[in-house]
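Each remark here refers to the structure printed beneath this line.
The values are calculated or read from the model by the stated rules, or taken from the named source; none is laboratory data. All figures in this text were calculated on a predicted structure; none of them were measured in a lab. Every residue, glycine as well, gets a Cβ built from its backbone with ideal geometry; the counts of neighbours run over all protein chains shown. Each accessible area value is taken on the protein alone, full model and side chains, heavy atoms only, with ligands, DNA and RNA left out. Shrake-Rupley method; radii C 1.70, N 1.55, O 1.52, S 1.80 Å.
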Amino acid sequence: MGLVFDWFESPKTTVILCFHMNTLHHHPQKQEQEEQEKEGEARHEWDLSLSTVVSSSSSSASDVVGAIEFDPTDNILATAGISRKIRVYGLTSLLRTTSGVSFVDQATACEYYICTPAKLSSLRWRPGSCGRVIGSGDYDGVVTEYDLEKRTPVFERDEHGGRRVWSVDYTRHGVGASGSDDGTMQVWDPRCPPEESVGLVRPAGSCRSAVCCVEFDPSGGPAVAVGCADRRGYVYDMRKLVDPALTLQGHTKTVSYVRFLDGGTVVTAGTDGCLKLWSVEDGRVIRTYEGHVNNRNFVGLSVWRNGALFGCGSENNRVFVYDRRWRKPVWVDGFEPVGMTSGSDKRFVSSVCWRQSGVDQCTLVAGGSDGVLQVYVGKRKP
């Protein structure tokens, strides 16, 4: 029996792994009690509210939003999913100045779209392209870069043997990496011929568990983090890809996302329904976050580094925001209808993305399994 997949249902594996939870037992009990008492205070530090709802063209499972990415200027937004389209939005069309919630038709809000040959699972803007080139990973195992001005593909890699690519990312200097169902992370340079590879990593070794997410340290360090279906996260040093520098053991199901909060910490999300914050220095779990529902699908994970906030979706069709300091969510909002997890309506929040600019103000965009986009704005309370 091999791996089983549905759209944005995370990979499963029949390999049984034995490990122990690496938690911090040295925190004094008094400190833990103080942290619990302060959890309520965090809810009052930010005012977050729904600004805009962008309707879906189909309002069905054929329009699942699987990836949302702001460009380097934070003024352009791209989305992708199983509709075989990369949709591009200007931020001004999504942030309305009128009071209350704006409801916008997708055809009106979307500036243009690019049709793709396969369903897409990931997007990432290529550094150094001035927001002109965006990379994508698709269900056919192909990594493709598109020139948004010409609206045509300009680069393609197909070294994953036709197995679905779950994740694509770039270093600051444009070196790329992709993670796939074939159990590998491929590292490559788009400036070199497609047949040339920088490196190949099999995090789970002979188990060949799917690589669900890859992300380079955005601060420019040599680390690259990997999330895997073998229930583990890994951190590699790009200067020595032979063995992982750290193995992050603690999740009880697939590690679907990894995100650097800063150069010293990584956030992981698992289909065990929790997020974990890890120290990159020694691989310790700093804190575990719970509240959202996630035991089957990819529901998105994004971090806002300036505010030390995490955003994720949930299988009860809600958006959750966590502050790194507290284990419980500091803010929750629902898509409509909320909580429909049985019967014919199983809608869920499938992707989220923070706008990175700003310190006292923030923007969070969430996409649903029915193709609806919701834009949230927030500001820090005085």
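In the set (1) in contact with a helix residue (DSSP H, G or I) (Cβ under 8 Å, 6 or more places away or on another chain); (2) on the phi > 0 side of the Ramachandran plot; (3) open to solvent by less than 10 Å² (accessible area, probe 1.4 Å), Ala109 fails one condition alone, (2). Scanning the stretch 183-194 for residues that are under 18 Å from Gly233 (Cβ atoms) and either among the hydroxyl-bearing types (Ser, Thr, Tyr) or surrounded by fewer than 21 Cβ atoms within 10 Å (Cβ to Cβ) (or both) turns up just one, Thr184.
Taken across the stretch 172-182, residues that are closer than 30 Å to Ser55 by Cβ, open to solvent by less than 70 Å² (accessible area, probe 1.4 Å) and touching a residue at least 24 places away in the same chain (Cβ under 8 Å) do not occur at all.
This table checks each residue for (1) part of a loop (DSSP other than H, G, I, E, B); (2) modelled with pLDDT under 90; (3) β-branched (Val, Ile, Thr).
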{"site": "Gly2", "(1), (2), (3)": "yes, yes, no"}
{"site": "Val15", "(1), (2), (3)": "yes, yes, yes"}
{"site": "Lys38", "(1), (2), (3)": "no, yes, no"}
{"site": "Leu50", "(1), (2), (3)": "no, no, no"}
{"site": "Ala67", "(1), (2), (3)": "no, no, no"}
{"site": "Arg87", "(1), (2), (3)": "no, no, no"}
{"site": "Thr98", "(1), (2), (3)": "yes, yes, yes"}
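Taken residue by residue, the stretch 157-166 has at least one member that is under 16 Å from the mean Cα position of the chain (by Cα) and buried (at least 20 other Cβ atoms within 10 Å of the Cβ).
Restricted to strands (runs of 3 or more DSSP E) entirely inside the stretch 161-241, those with at least 1 residues that are among the basic types (Lys, Arg) and closer than 21 Å to His251 by Cα are 232-237.
The conditions of being of a type outside the set (A, V, I, L, M, F, W, C), more than 28 Å from Arg87 (Cα to Cα) and out of contact with any Leu (no Cβ under 7 Å at 6 or more places or on another chain) are not met by Ser369. Within the stretch 245-255, being surrounded by fewer than 20 Cβ atoms within 10 Å (Cβ to Cβ), without any contact (Cβ under 8 Å) to a residue 60 or more places away in the chain and under 16 Å from Arg231 (Cβ atoms) holds for Thr247, Thr252.
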